[in-house]
Amino acid sequence: MTAILDVQNLAVRFGPTLAVRNASFTVQKGETHCIVGESGCGKSVTALAIMNLLARNARRDAKSIAFAGQDILAYSDRQMEDVRGNRMAMIFQEPMTSLNPSYTIGSQMTEVLRRHHNTTRDLAEQRAIGLMQRVGITAPQMRLGQYPHQLSGGLRQRVMIAMALMCDPELLIADEPTTALDVTVQAQILRLLAELKQELGLGILLITHDLGIVARVADHVSVMYAGEVIETGRTADLFANPSHPYTRGLIDCVPVPGKIKPGEALGSIPGTVPVMKDGFSGCAFRFRCPQASEICTQAVPRHEVGPNHLVQCHLPSRQGGAQ
Amino acid sequence: MTRFIFRRALLALSVVMTVMALAFVLTRLSGDLAISIAGPGSTQADVEVIRKAYGLDRPVLVQFFDWTRLALTGDFGNSFFFKDKVSNLIGQRMPVTFTLGFTGLAVALVISLPLGILAALNENTWIDRLVSLLVMVGQAMPSFWLGLILMIVFGLQLGWLPISGTGSWQHFVMPAIVLAFTAVPALTRLMRSGMIEALGSDYIRTARAKGLSRSSIIFKHALRNAAIPVVSIAAVQLGFMLGGSIVIETVFALHGVGYLAWESISKNDFPVVQAVVLVLASIYIGLTLVSDILNALLDPRLRGA
């Protein structure tokens, strides 16, 4: 397998606030990599940082962000514009507002292809129709002339996906693509993404807070907490052997039908994600961790607890498993 | 779209009818018209003769329908003061007011749109603050004062432009600039805030994620949405400019419709007053209709409404 995206030591700061600290992960060609975490853990910022779409007051830093073997960290704005929407596409959480209300679906879909490839309007429309059909939009010919407000949320997200595929990208970044949709549509969209991955050999970076989604679609998972990737590994390994107390806590929060007895409280992690400032050291989870001890204020080592399964915690070393 | 225009046009027509009724009633509320036409020192007999001659002795409703019937054919009767047909008077003055209003609006847009966009693109920088300062100064400046200052500087001291009359296009330069200044502050602020809102929206993030160029993002995707409120206000401002340029027409001695309105009110020339009110209101209503249609063209969500 080859990596389509390899992020090393990504850091994003907004003034004194550290939104992402030292995040590293790899997305392979033809696989879905999920970044999972609570609100405010920096997962959306990570996605925007890869696309270089951060707000003006944000500062991005990294050892490298390699896309298809090229370090895009050093790319100029113009070079990045040529990559975005073309080889690397993104869809968002808010299908209701992510399309421009003033232009037709057809105009918005063909625009991205004509921006990156020299093609006629007719050919671009043909491709748009084909892709809309592929993502399950009925009567695609008619949709070309429709405006976003005439479509439902689920349809709009399908349009966003079809639009993202217009230039045949190698990487699709999906930032909570199903959060705003109802459950049945959610399942359809997830199935669609899985099919597209298979068919097109697409690498997908899926940002979500929902472990249920992770279990269903992810090949690899990275768990983020307070701007750091605290555990990463193959989905099966991570669910079978969650090694960070936070990962275990997250899994305990998911209600499993049949296992939860009536009247029993659901699992929860008390407290919220702390805001990271300069000068913080040690484990950011220690304030909420049931297994925290003195050592957690010191720099946290990374341990390999299985093949490609990394965890950033003092626990394995305390248990004598340090490597 | 056709249904939308039809419905709006019907609405506009009913407003025009209401204005007709109001214009008619209000002129009659200002006093006994026959007495004011006859003038001070006239006898009761003179007043009665005038009342009969102008048909003011008939029931009010009959007078109203008579006036309405003729007005719909473009006949507004005769002016008491100018001894001419009212329609001729308005027809002669209209070109002056229209030239002034449209030039004023054009100047206002040429100044305020780039200024608003510039401020929005440089939000919270010194450029933005400079634009805000200019807008505030513009807002605080009375138009008659600006008119007089321009006359002194460009008309008298530099001698570049004529200071009064309507002889050539040069005569309209200063009045148009002064008139434009009444609309520039509002339009600039609206353009700026609309642009800031549009640039911060999700669809702009999508446009950036598509790798579109900066100019396409600003001028195609953001401007189209930011322009919607500006278009509405610009049409309304044009209405103000056409109907409310009395001060400027007076300062620069431009004999437009605003000036005519002021003259005929002071002379109680009620056929002219009624007609001017109706014509200006109709223009205003027409412009609102145009603004609605333009808005629907710009914003597809309104077309079904």
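The values are calculated or read from the model by the stated rules, or taken from the named source; none is laboratory data. On a predicted model such as this, the values are computed, not experimentally measured, just so you know. Cβ sites come from the backbone with ideal geometry, for glycine too, and all protein chains shown count toward neighbours. With ligands, DNA and RNA removed, areas are computed over all heavy atoms of the protein, side chains included. Shrake-Rupley method; radii C 1.70, N 1.55, O 1.52, S 1.80 Å.
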_chain A: relative contact order in percent, alpha carbon pairs under 8 Å with at least 6 residues between_ = 22
_Once you compute Rg and the Kirkwood Rh from C-alpha atoms, what is the Rg to Rh ratio for segment A:1-106?_
0.97
*Could you tell me which GluC sites (Glu not before Pro) in segment A:1-93 are loop residues by DSSP with no more than 15 other beta carbons within 10 angstrom of their beta carbon?*
none
*Please give the average number of partner chain Cβ atoms lying within 10 Å of the Cβ of each residue in B:24-35, rounded to a whole number.*
0
_Between 0 and 90 degrees, rounded to the nearest ten: what's the tilt of helix B:44-53 against the longest Cα principal axis of chain B?_
60
*What is the distance in Å between the Cα centres of segment B:8-62 and segment A:130-152?*
61
*For peptide B:209-220, how many partner chain Cβ atoms fall within 10 Å of a residue's Cβ, on average?*
6
*Could you rank B:Asp128, B:Asp66, A:Asp82 by how accessible they are, 1.4 Å probe, largest area first?*
A:Asp82, B:Asp66, B:Asp128
*Which whole-number percent of Cα pairs in segment B:96-268 have a distance greater than 21 Å?*
54
*Picking from A:Pro148, A:Pro257, A:Pro101, which is most flexible by a Gaussian network model of chain A using Cα springs under 10 Å?*
A:Pro257
_Heavy atoms of the protein only, probe of 1.4 Å, neighbouring chains included. What is the accessible area of B:Arg58 in Å², nearest 10?_
90
*What number in nm² do you get for segment B:46-102 if you take the convex hull of its Cα atoms and divide its surface by four?*
5.2
*Using a 1.4 Å probe and counting only protein heavy atoms, arrange B:Phe76, B:Phe24, B:Phe81 so the residue with the most accessible area comes first.*
B:Phe81, B:Phe76, B:Phe24
*Given +1 on the Cβ of Lys and Arg, -1 on the Cβ of Asp and Glu, and no further charges, what dipole in debye does segment B:96-268 carry about its Cα centre, rounded to the nearest 20?*
600
_Please compute the length gained on full extension between A:Glu264 and A:Val183, using 0.36 nm multiplied by the number of residues separating them and subtracting their Cα-Cα distance._
26.7 nm
*asked:* So if I restrict to the alpha-carbon atoms in chain B, what is the Rg, and what is Dmax, the biggest pairwise distance, in Å?
replied: 23.8, 85
*With label points built 7 Å along Cα→Cβ from the Cα atoms of B:Thr18 and A:Ser293, find their separation and express it in nm.*
8.0
_Averaging the inverse of every distinct alpha carbon separation and then flipping it gives the Kirkwood radius. What is it for chain A, in angstrom units?_
20.8
*segment A:259-289: trypsin sites (Lys or Arg not before Pro) in DSSP coil with no more than 12 other Cβ atoms inside 10 Å*: A:Lys259
*Please go through the residue pairs A:Lys43/A:Lys259; A:Lys197/B:Lys220; A:Lys197/B:Lys210 and name each one whose alpha carbons sit more than 23 Å apart in this structure.*
A:Lys43/A:Lys259; A:Lys197/B:Lys220
*Can you check what the net charge comes to around A:Gly271, using other residues whose Cβ is under 12 Å from the Cβ of A:Gly271 (Lys, Arg +1; Asp, Glu -1)?*
+1
*Would you rank B:Trp169, B:Trp145 by solvent-accessible area, highest first, keeping every protein chain in place and using a 1.4 Å probe?*
B:Trp169, B:Trp145
*Give the accessible area for A:Lys29 in Å² (nearest 10); use a 1.4 Å probe, count only protein heavy atoms, and leave out ligands, DNA and RNA.*
110
*B:Asp66: net charge of surrounding residues, Cβ under 14 Å, Lys/Arg +1, Asp/Glu -1, itself excluded?*
+1
*Specify the inter-centroid distance of segment A:4-32 and segment B:134-195, based on alpha-carbon positions, in whole Å.*
55
*Work out the FRET efficiency for A:Ser39 and A:Met96 from their Cβ-Cβ distance, taking R0 = 22 Å, and round it to the nearest 0.05.*
0.70
*Summing Lys, Arg as +1 and Asp, Glu as -1, what charge do residues with Cβ under 14 Å from the Cβ of B:Ala235 carry, B:Ala235 excluded?*
0
*asked:* Loop-only GluC sites (Glu not before Pro) in segment A:211-300, please: DSSP not H, G, I, E or B, and at most 10 other Cβ atoms within 10 Å.
replied: A:Glu264
*asked:* Quick check: pseudo-label points 7 Å beyond the Cα along Cα→Cβ at B:Met141 and A:His117, how many nm apart are they?
replied: 5.5
*Do you know the relative contact order of segment B:34-101, to the nearest whole percent, from alpha carbon pairs under 8 angstrom that are 6+ apart?*
17
*So how much accessible area does B:Tyr54 have, in Å² to the nearest 10, using a 1.4 Å probe?*
100
*For segment A:195-323: rounded, prolate or oblate by the Cα gyration tensor [a/c cutoff 1.5]*: oblate
_In Å², and per residue, what accessible area does chain A have when probed at 1.4 Å with the other protein chains present?_
44
*Over all distinct alpha-carbon pairs, what is the Kirkwood Rh of segment A:104-161 in angstrom?*
11.3
*asked:* From the alpha carbon gyration tensor of the protein assembly as shown, can you work out the equivalent ellipsoid semi-axes (sqrt of 5 times each eigenvalue) and give them in Å, largest to smallest?
replied: 70, 27, 23
*Rounded to the nearest 10 degrees, what's the angle between the helix A:183-200 long axis and the longest principal axis of chain A, both from Cα atoms, 0 to 90?*
80
*Could you tell me how many degrees, from 0 to 90 and to the nearest 10, lie between the Cα long axis of helix A:121-134 and the main elongation axis, the longest principal axis, of the Cα atoms of chain A?*
50
